[in-house]
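No value in this document is a laboratory result; all are computed from the given coordinates. Only a predicted model underlies this, so the values are computations on that prediction, with no experimental measurement involved. Every residue, glycine as well, gets a Cβ built from its backbone with ideal geometry; the counts of neighbours run over all protein chains shown.
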Amino acid sequence: MDQRGHDALQTRRRSPHLVPKLGTCYKQPVQVIAKRTLRLFWSKHPQAEAPLRAWFAIVSAADWTGPASVKAQFRSADFVGDNRVIFDIGGNKYRLVAHVAYPFGRVLVKFVGTHAEYDKINPETV
C-alpha cells in the first residue's frame, strides 16, 4: 500500500461515523397546512393576527404524539372526532378547528372564525 492509500485509510478510521445508530429519531417540526387560511382571516380581522401568528409559531415547533401532548401546550383545547382539535384563540374571541395527523406531524386548519361564526358550524364535519 502506498503512502496516499495508508493516509486515506487512517483518515477513515479517525472520521466520525456519518450514519446514525439504529433507532435514532430526529425531531421534525409539525407542518401546518393552510397558513393562507389564517392570513385571509386576519386580513378581515386584524386584531386576530398576533394571536394566530403566536398559535402558528407554537404549533410549528411542536412535537405532538397524541392528544395529551396537545393538551400540555394548549390547556383549553377541546377534542372531537376524527382527530380534530378546537383551539381558543385570542382569549376565546376566535376559534380554530384543525385536524391533527399525529404520525405524520401535520396539522390541517379546517376552520378559523369568530366565536359567533364557530357556533354556527359542526366542528366534526367542517
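Tabulated results
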item	result
Cβ-based net charge around residue 45, under 14 Å, with every Lys or Arg adding one and every Asp or Glu removing one	+3
Net charge over other residues, Cβ less than 9 angstrom from the Cβ of residue 113 (K, R count +1; D, E count -1)	+1
Anisotropy class of region 50-126 from Cα gyration tensor, a/c 1.5 cut	oblate
Environment charge of residue 57, counting only residues whose C-beta is closer than 13 Å and scoring Lys/Arg +1, Asp/Glu -1	+1
Lys pairs, region 33-126 - Cα-Cα below 21 angstrom, 8 or more residues apart or on other chains	11
Distance (nanometres) between label positions extended 7 Å along Cα→Cβ at residue 125 and residue 101	2.4 nm
